[in-house]
Amino acid sequence: MTDTPPRATAPRRWTTLTLAGTAAGFAATALPLQAAAPVLNPAPAAQVWLAQATSTEGGEGGEAGAPVDAAAEVHLLVLMANVGAHLRAAAGLYAAGNTAEAAGLAGHPEAEVMDELRPLLAAAGIPDFSDALDNVVAVMASGATLDEAQAAVDAVLSALNAGAATIDTHDRVDAMVYAMRDAGHEYEDSVADGAVVDLTAHFEAQGFVAEARLMALALAADGDAKLAALGQQALDIIDSTSAAFGDLSGGDFEADPSIIYAAASQIEFAALATK
C-alpha cells in the first residue's frame with residue numbers, strides 16, 4: 001500500500017453534530033441512514049469479538065478490509081466499499097466546509113486500494129473508474145461549489161453501484177459484515193469521552209455503514225427468500241445504528257462504538273442461516 005500523509009485532525013470536540021448541509025454528502029446515490037430508528041441492545045461480549053476480528057488486510061488505520069482468504073468477489077466488493085465510504089466521507093467534509101481535508105481524503109482510495117482494485121475490476125469485467133475518481137480530487141481541490149463536488153462524487157458512486165450489480169448477490173453477505181466492521185473501527189477512532197474528536201473518521205464510519213446498507217438493500221430485493229429475509233433483517237440492524245450518529249441536522253447521539261460492532265455481529269449471526 002502506498003504511504004500517505006497522516007490524517008490532519010482538528011483539535012476540537014464535536015459534542016453535537018450541528019452540521020447543517022452535510023446531508024449533501026449522503027445524497028440519493030449515497031443512501032443516507034434512516035433517522036430515529038430504534039437502538040438494539042449491544043450484543044454480549046462473546047458475540048462482539050467476531051465482528052472485531054483482525055486477521056485481515058488492506059485499509060488505513062483501523063480499517064480491516066476482507067480476510068486474505070476471502071472469495072475474490074467478496075474482496076472486490078469490500079475494496080469497492082472502501083472507495084465509496086471514503087468518497088461519502090469526503091463529501092460530508094466538503095459540505096461541512098473542510099474543503100482541503102475533503103480533497104485529501106478523496107485521494108485516499110487511489111493511494112490505498114486502487115492498485116489492488118484495478119486488476120480485480122478488469123477480471124470481473126467492470127469498467128475502471130479511475131478517471132472519475134481523479135476528477136473528484138481535482139474538483140474538490142479547485143474549491144468548486146457543493147453541487148459540483150457532489151456531482152463528481154455521484155459519478156464514482158454510480159460506477160461503483162453499476163459494478164456491484166454485476167456481482168452475485170450472495171457475495172454481499174460477507175462483504176456487508178466486513179463493511180460494518182470497518183465502520184466500527186473508524187467510529188472507535190472518531191469518539192472519546194462522549195464526543196466526536198475526529199470528524200473525518202466519523203464521516204468515514206458513516207460512509208462504511210452506508211455501503212453496508214446498499215448491500216443489504218440488494219439482498220432484500222433478491223429472489224431467494226432466505227437472502228431477501230436476511231437483507232431485510234440487516235437493514236433493520238443497520239438502521240438501528242443511527243443512534244451512534246444522530247441525524248445530520250444536529251442533536252444528541254450515543255458515542256458508543258459497541259453499537260456498530262454489535263450490529264456487525266448480529267448481521268454475521270443472522271447470515272449463518274444462508275450458509
Mind sorting Thr241, Thr166 by how few other Cβ atoms lie within 10 Å of their own Cβ, fewest first? Thr166, Thr241
Alpha carbons only, please: Rg and Dmax for region 109-159, in angstrom. 12.0, 36
Stretch Ala100-Ala192 to full length: gain in nm at 0.36 nm per residue minus the Cα-Cα span? 30.7 nm
The FRET efficiency for Leu217 and Ala72, from their Cβ-Cβ distance with R0 = 35 Å and rounded to 0.05, is 0.95
When Rg is the radius of gyration of the Cα atoms in region 165-227 and Rh is its Kirkwood radius, what does Rg/Rh come to? 1.13
Tell me, what is the percent relative contact order of region 203-270, built from C-alpha pairs under 8 Å that lie six or more residues apart? 24
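First measure r as the distance between the Cβ atoms of Glu254 and Arg118, then evaluate 1/(1 + (r/R0)^6) with R0 = 45 Å and state the FRET efficiency to the nearest 0.05.
0.70
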Between Asp224 and Ala273, what is 0.36 nm times their sequence separation minus the Cα-Cα distance? Round to one decimal in nm. 16.4 nm
Across every pair of different alpha-carbon atoms, what Kirkwood hydrodynamic radius in Å does region 90-212 reach? 15.4
Taking a crude spin-label model, label points 7 Å out from Cα along the C-beta direction, the Ala144 to Ser158 distance in nm is 1.3
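Since every read-out is calculated from the coordinates, none of them should be taken as a lab result. If you're wondering where the values come from, they're calculated on a predicted model, not measured in any experiment. Every residue, glycine among them, receives a Cβ derived from its backbone with ideal geometry; neighbour counts consider all protein chains shown.
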